[in-house]
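The values are calculated or read from the model by the stated rules, or taken from the named source; none is laboratory data. The structure displayed is predicted, hence computed values, not measured ones. Using ideal geometry, Cβ is built from the backbone for each residue, glycine included, and neighbour counts are taken over all protein chains shown. The protein model used for the area step is the full one, side chains on, heavy atoms only, and it has no ligands, DNA or RNA in it. Shrake-Rupley method; radii C 1.70, N 1.55, O 1.52, S 1.80 Å.
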Amino acid sequence: MKGHDIVAAIAANNLKPGVAKKMNRILDGHTLMYYSSWMDFIRKDEPYQYTATWHYANIDAGETYESMPKNPTGDVLTALNEIISKLRSGTLSDSMQTLYVKFLIHLVGDIHCPMHTGHLSDLGANKISVTWFGKPTNLHAVWDDMLVESAKKWSYTEWVDNIDILDRKRKQQLATGTPADWLTETHAVCEKIYEDTPEDSELSYQYMFDNYPVVEQQLLRAGLRLADILNSIYK
């Protein structure tokens, strides 16, 4: 997924030099981008099926994360909090540290994907039918992939060159907060999307142009926050 590549590349662009070296060792010479979508690839493999619900946290209309029933196998917020806590503890074996960093790279992206906080009643907008440039799809897919691919025909490195351009002070401001704060913030974006995109909407250029700033905002937030977490753990 290009969105995850962009998030990982922004994070890599903002790692402190010493932290970047540690990431190179932990990831066995691979980049953050190498593992950006790894969790999506392995989620149905038996050894990793326990992570299947970690990619999202459904919040129905009129509800909050706190008021929703919790999935017994976890969600993106509980997973991130646990992963960050374990990495900060310094007690993980080398192999477990590598695994948890790979989880972290992906899940920080997921918690900033608006429809990953979508309604349980429609499975995060997977049941909201729309058309995208005349082709039938669903609202989740539009926000998961299609907007990123259509808004700009850039490689992930070109995305970084064009949106990771803020000064240091502004980057520090964007990187603040906790995963719980980010979930609340992302869900506010999600609810606005629901309001603006009723079922059976015919989406094309105007929708893409109107929502490109939101896509850029969420990708940048995620990348800077991932870098901040890694910098604080491995400083």
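I'd like to know if the stretch 58-72 contains one or more residues that are touching a Leu at 6+ places or on another chain (Cβ under 9 Å) and part of a helix (DSSP H, G or I). Walk me through how you get there before you give the answer.
Taking the stretch 58-72 first, the residues touching a Leu at 6+ places or on another chain (Cβ under 9 Å) are 58-60, 63, 65, 68-69.
Among the residues that remain, those that are also part of a helix (DSSP H, G or I) are: none.
Checked the stretch 58-72: no residue is touching a Leu at 6+ places or on another chain (Cβ under 9 Å) and part of a helix (DSSP H, G or I).
Cβ-Cβ under 7 Å, sequence separation 6+ or interchain: first residue in the stretch 26-45 and at negative phi and touching a residue at least 12 places away in the same chain (Cβ under 8 Å), partner acidic (Asp, Glu) and buried (at least 16 other Cβ atoms within 10 Å of the Cβ). Which pairs?
Short answer, once both residue conditions are applied: 33/5; 36/5.
Answer with yes or no whether residue 154 is among the aromatic types (Phe, Trp, Tyr), part of a loop (DSSP other than H, G, I, E, B) and in contact with a helix residue (DSSP H, G or I) (Cβ under 9 Å, 6 or more places away or on another chain). Walk me through it before giving the result.
Details: among the aromatic types (Phe, Trp, Tyr): yes; part of a loop (DSSP other than H, G, I, E, B): yes; in contact with a helix residue (DSSP H, G or I) (Cβ under 9 Å, 6 or more places away or on another chain): yes.
Answer is yes for this residue.
For the stretch 11-29, give me each residue that is part of a loop (DSSP other than H, G, I, E, B) and closer than 16 Å to residue 157 by Cβ.
14, 15
For a quick check of your reading of the model, give me the residue pairs whose first member lies in the stretch 1-22 and is open to solvent by 40 Å² or more (accessible area, probe 1.4 Å), whose second is of a type in the set (Asp, Glu), with beta-carbon atoms closer than 8 Å and at least 6 apart or on different chains.
Note: pairs meeting the criteria are 1/40; 1/144; 1/145; 2/145; 2/149; 13/164.
When you go through 57, 61 one by one, which is the residue that is surrounded by fewer than 19 Cβ atoms within 10 Å (Cβ to Cβ), touching a residue at least 12 places away in the same chain (Cβ under 8 Å) and within 28 Å of residue 214 (Cα to Cα)? I'd like the intermediate steps shown before the answer.
On the way: 57 fails: surrounded by fewer than 19 Cβ atoms within 10 Å (Cβ to Cβ).
61 is the lone residue from the list that is surrounded by fewer than 19 Cβ atoms within 10 Å (Cβ to Cβ), touching a residue at least 12 places away in the same chain (Cβ under 8 Å) and within 28 Å of residue 214 (Cα to Cα).
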